[in-house]
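Peer 1: For reference, the structure I am asking about is given below.
The values are calculated or read from the model by the stated rules, or taken from the named source; none is laboratory data. Since this is a predicted model, take the numbers as computed values, not measurements. Quick reminder, even Gly has a Cβ in these numbers, built from the backbone with ideal geometry, and neighbours come from all protein chains shown. In case anyone asks, the SASA skips ligands and DNA or RNA and just uses the protein heavy atoms, side chains included. Shrake-Rupley method; radii C 1.70, N 1.55, O 1.52, S 1.80 Å.
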Amino acid sequence: MPGFLAMADASGLLEVLGQPFMQRALLGGLLTGALGGLLGSFAVLRQLSFFSDALGHSALLGISLGILLGVNPTLVLIPFAVLFALLVNQLVARSGLPADALLNIVYSTSLAFAVVALSLVETYRGGIQQLLFGDILGISWSDLTVIAVLLMGALIYLALSLRAQVLLTLNSDLAGAFGVGANRHRLAFIMLLAVVVAVSIKAVGVLLISAFVVIPACGGRLVSRHFPLYALLSACLGGGCALLGLLGSGLTNLPSGPCVVIVQFAGFLLALVVSQQTSRSPAVAVPAGPRIPGAGRADRE
Amino acid sequence: MTDHAPVLSVEGLSVRRGEQLAVEQVSFQLARETDTALVGPNGAGKSSLVAALLGLLPRAAGSVRILGHALGPAGELPRSVRAQIAYLPQSLALQGRFPLTVGEFVGFGFDPPGLSLAWLGNKRRTKAVLRALERTGCQDLEERRLSELSGGQLKRVLLAFCVVRPRQLLVLDEAQAGLDAPSSEQFQQLLLELRRQEGWTVLQVSHDLEMVRRSCDQVLCLNRRLRCSGAPDHALSPARLAELYGPNVVPYRHHHAGVPGHG
């Protein structure tokens, strides 16, 4: 790989960083990664990992429709993702079937229609790889603005509704009894996740979008005990790994999306090692059982 | 609301689950600071009734008043009334390494309903959480993950979640499910102690008829309709139990060996 060796030095790095498209890509990666990590920290606990994966695959239909209609695919993707979220939500509520099975039905069908639609568009056949793996180097300032606004909005909503989100994840009846509008917050979160997935697809691609949502959150979960720290760490892991992955991609001339996911996986492995080390450390040894009068042995296992 | 007014008043309540009525024409009242058990066989509609009382399931007919305020059709209650209600579910969806400590969870019990940044904390909140943990014997668990607790510890933490701020009505849905006999007994003793201290009015769904006989003031026997109600000795007589559970059910009085005061 002569290209790899030629680029992998300090001057190569400076040259890459000097390019406006690379600066936009780095900022886009940082914001998209942080957004995926933040939303993922809630989605993973609520067992919505597969939802982001299914939505990512289904998004191909939204993109195909945009191309067929001659409209910017990104503009079609957001309403498409929201409709997808609402449709799945309704199907789960009305059919009584498991969510993973319904998601599978909806996304396979969407994917089938998307492939048929794309086969009708002669000029787009060559760009399928960009759809599948993303094109973060093609990110524009307007894309960056949308992602930044979305990140701010998500941060504000999740911070203000943290109690509701956690109680809803633990037990929806418990949440409802303590004044949480369970249906309202559940729907709001699913729609937010859908919009985030739709907006991130241009940078990350259809196949890799779920990695942005799932891997940083799982890494953060391995090393966090406190919920706010977990959400923050997941967002930082997402953003940091995206930055490192893009730098690696720029230096080595390898595809950007897969590079980011490989760095995310390395981050996950690191978190796994750290969690193993800390669980062996006496500093976090399990404390003694509760001291209440008449406490039985059964409670002190 | 006067001191003699019922905390909970239910009139002609019917609840639908899918196509069928799970609860039909149920009426009862809970007097202040009493402990009422809701008993009945599986599928009798106990959980549906509780969900409707909390405003989590829509009502097909009837009315519910909590602390003198009518429960709206979609479960609406004034925020000040909602803050007076606590609920203990059977279980929590805690997968491995759930990143939430006991202290954080109990703190959420202190925070008001609605959007807020109260979780960031203040002295009053920290003090209330520590006091709730002490009162439930959970002071050593504050930094433990919720997912690391045993069944008995988790139930006590749920009680800390309820006691962290003053409330009037406590609803428990088979809160002792999954506990062994000594843990169940400890939980019941702690509940009794907190109920007296806090002046809670309690409604608990239970299958432990012996516990109900010993601890509760009133029993509601449900099998879609309210089959009988009254003091435990009246409502849990062999004839009433046979009517509720069928003729093959024989009441058996058990004792929890090794538990102080029993055996």
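Peer 1: Fully extended, how many nm does the chain gain between B:Leu130 and B:Arg17 (0.36 nm per residue separation, minus their Cα-Cα distance)?
Peer 2: On the way: separation 113, 0.36 × 113 = 40.68 nm, distance 4.06 nm.
This chain segment gains 36.6 nm when fully extended.
Peer 1: Are there DSSP H segments in chain B that both extend 15 Å or more along their axis (alpha-carbon positions) and score a mean Kyte-Doolittle hydropathy of at least -0.5? List them, or say none.
Peer 2: B:151-163
Peer 1: Relative to the compact-globule scaling 2.2 N^0.38 Å, provide the ratio for the alpha-carbon radius of gyration of region B:1-115.
Peer 2: Working: Rg = 16.1 Å, N = 115, 2.2 N^0.38 = 13.4 Å.
Computed over Cα atoms of region B:1-115, the ratio equals 1.20.
Peer 1: A further question on this structure: Contact order normalised by length for chain A, with contacts defined as Cα pairs under 8 Å and 6 or more residues apart; what percent is it?
Peer 2: Details: 423 pairs, mean separation 95.7, N = 301.
In percent, rounded to a whole number, it is 32.
Peer 1: Computed on alpha carbon atoms, what radius of gyration and Dmax characterise region B:168-237, expressed in Å?
Peer 2: 12.3, 34
Peer 1: For B:Asp233 and B:Gln197, what is the calculated FRET efficiency with R₀ set at 30 Å and r taken between the beta-carbons, to the nearest 0.05? Can you show the working numbers first?
Peer 2: Details: r = 27 Å, r/R0 = 0.89.
Calculated value: 0.65.
Peer 1: Relative to the longest principal Cα axis of chain A, at what angle does helix A:99-120 sit, 0 to 90 degrees, rounded to 10?
Peer 2: Orientation of helix A:99-120: about 0 degrees from the principal axis.
Peer 1: Restricting everything to alpha-carbon atoms, can you work out Rg to Rh for region A:107-197 with a Kirkwood hydrodynamic radius?
Peer 2: Numbers: Rg = 18.9 Å, Rh = 16.4 Å.
Using only Cα positions, Rg/Rh for region A:107-197 is 1.15.
Peer 1: Now a separate question. I need to check one value: relative contact order of chain B, counting alpha carbon pairs closer than 8 Å and at least 6 residues apart, in percent. Each step should come with its number before you reach the end.
Peer 2: Details: 481 pairs, mean separation 62.4, N = 263.
Reported as a whole number, the value is 24 percent.
Peer 1: Can you tell which of A:Val196, A:Val260, A:Val16 shows the greatest fluctuation in a Gaussian network model of chain A with Cα springs below 10 Å?
Peer 2: A:Val16
Peer 1: Which residues does a label at B:Asp217 reach in region B:161-176, if reach means a backbone N under 14 Å from a point 7 Å past the Cα toward the Cβ?
Peer 2: Only B:168-170 fall inside the zone, counting backbone N under 14 Å.
Peer 1: Shifting gears a bit: When chain A is treated as a GNM, springs tying every alpha-carbon pair under 10 Å, which of A:Leu31, A:Leu229, A:Leu244 comes out with the largest mean-square fluctuation?
Peer 2: Of the options given, A:Leu229 has the highest mean-square fluctuation.
Peer 1: How large is Rg over Rh for region B:146-202, taking Rg from the Cα atoms and Rh as the Kirkwood inverse mean of 1/r across Cα pairs?
Peer 2: With Rg and the Kirkwood Rh in hand, the quotient comes to 0.95.
Peer 1: With everything on Cα atoms, drop me the angle between helix A:20-45 and the longest principal axis of chain A, reported from 0 to 90° to the nearest 10.
Peer 2: 30
Peer 1: Just the accessible area per residue of chain A, please: how many Å² with a 1.4 Å probe? Intermediate results must be reported in sequence, preceding the final value.
Peer 2: Details: 13600 Å² over 301 residues.
Accessible area per residue, chain A: 45 Å².
Peer 1: Can you give me the orientation-averaged projected area of the convex hull built on the Cα atoms of region A:5-157, in nm²? Don't skip to the answer; put the middle values down first.
Peer 2: Numbers: hull surface 47.1 nm².
With every direction weighted equally, the projected area is 11.8 nm².
Peer 1: Counting pairwise Cα distances across region B:1-58, what percent come out greater than 18 angstrom?
Peer 2: Numbers: 606 of 1653 pairs.
Roughly 37 percent, rounded to a whole number.
Peer 1: I'd like the FRET efficiency for B:His4 and A:Met152, computed as 1/(1 + (r/R0)^6) with the beta carbon distance as r and R0 of 51 Å, rounded to 0.05.
Peer 2: Details: r = 53 Å, r/R0 = 1.04.
Computed FRET efficiency for B:His4 and A:Met152: 0.45.
Peer 1: So, with a 1.4 angstrom probe, what is the percent of accessible area on the protein assembly as shown that is carbon and sulfur? Please report the intermediate quantities before stating the final value.
Peer 2: Working: 15080 of 24770 Å².
The value for the protein assembly as shown is 61 percent carbon and sulfur by accessible area.
Peer 1: Now, a different point. Probe radius 1.4 Å, ligands and nucleic acids left out: can you give me the accessible area buried at the B-A interface, summed over both chains, in Å² to the nearest hundred? Walk me through the intermediate numbers first.
Peer 2: Values: alone 13190 and 15720 Å², together 24770 Å².
Heavy-atom accessible area buried at this interface is about 4100 Å².
Peer 1: On to the next question. Using 1/(1 + (r/R0)^6) with R0 = 25 angstrom and r between the beta carbons of A:Ile105 and A:Leu132, what's the FRET efficiency to the nearest 0.05?
Peer 2: Working: r = 22 Å, r/R0 = 0.86.
Computed FRET efficiency for A:Ile105 and A:Leu132 comes out at 0.70.
Peer 1: Next up: State log₁₀ I(q)/I(0) for region B:73-113 at q = 0.19, 0.24, 0.32 Å⁻¹ as given by the Debye formula over alpha-carbon point scatterers of equal weight, solvent excluded.
Peer 2: For region B:73-113 at q = 0.19, 0.24, 0.32 Å⁻¹, log10 I(q)/I(0) is -0.78, -1.00, -1.17.
Peer 1: What shape does region A:85-155 have by the C-alpha gyration tensor, where a ≥ b ≥ c are the square roots of the eigenvalues, rounded means a/c under 1.5, and otherwise prolate means a/b greater than b/c and oblate the rest? All intermediate terms of the calculation are to be shown ahead of the outcome.
Peer 2: Numbers: a/c = 3.22, a/b = 1.20, b/c = 2.69.
Because a/c hits 1.5 or more and a/b fails to exceed b/c, region A:85-155 counts as oblate.
Peer 1: Still on this model: I need the semi-axes of the equivalent ellipsoid of chain B: take the C-alpha gyration tensor, multiply each eigenvalue by 5, square-root it, list largest first in whole angstrom.
Peer 2: Numbers: eigenvalues 177, 115, 57 Å².
Values for chain B, descending: 30, 24, 17 Å.
Peer 1: After finding the eigenvalues of the alpha carbon gyration tensor for region A:195-268, what semi-axes result from the square roots of 5 times each, listed largest first in whole Å? Please report the intermediate quantities before stating the final value.
Peer 2: Values: eigenvalues 94, 42, 16 Å².
Value: 22, 14, 9 Å, ordered largest first.
Peer 1: What is region B:89-185 by shape, rounded, prolate or oblate, if you read a ≥ b ≥ c off the alpha carbon gyration tensor as root eigenvalues and call it rounded for a/c under 1.5, prolate for a/b larger than b/c, and oblate otherwise? Before the final figure, lay out the partial values.
Peer 2: Numbers: a/c = 1.63, a/b = 1.42, b/c = 1.15.
Verdict is prolate for region B:89-185.
Peer 1: In square nanometres and to one decimal, what's the mean projected area of the convex hull around the Cα atoms of region A:125-267?
Peer 2: 9.7
Peer 1: Also: Counting only helical runs of four or more DSSP H residues, what would the 222 nm mean residue ellipticity of the protein assembly as shown come to if each run contributes -39,500 (n - 2.57) and the total is spread over all its residues?
Peer 2: Working: 23 runs with 320 residues, N = 564.
Result for the protein assembly as shown, helices only: -18500 deg cm²/dmol.
Peer 1: Once Rh is set to the Kirkwood radius over Cα pairs, what Stokes-Einstein translational diffusion coefficient, in µm²/s, holds for the protein assembly as shown at a temperature of 25 °C and a viscosity of 0.890 mPa s?
Peer 2: Values: Rh = 26.3 Å.
The estimated diffusion coefficient comes to 93 µm²/s.
Peer 1: Cα convex hull of chain A: how many Å³ per residue?
Peer 2: Working: hull volume 51.7 nm³, N = 301.
Cα-based convex hull of chain A, divided per residue, equals 172 Å³.
Peer 1: Normalised by the number of residues in region A:61-207, what is the relative contact order in percent for Cα pairs under 8 Å and 6+ residues apart? Write out the running numbers ahead of the final one.
Peer 2: On the way: 122 pairs, mean separation 51.8, N = 147.
Over region A:61-207, the number comes to 35 percent.
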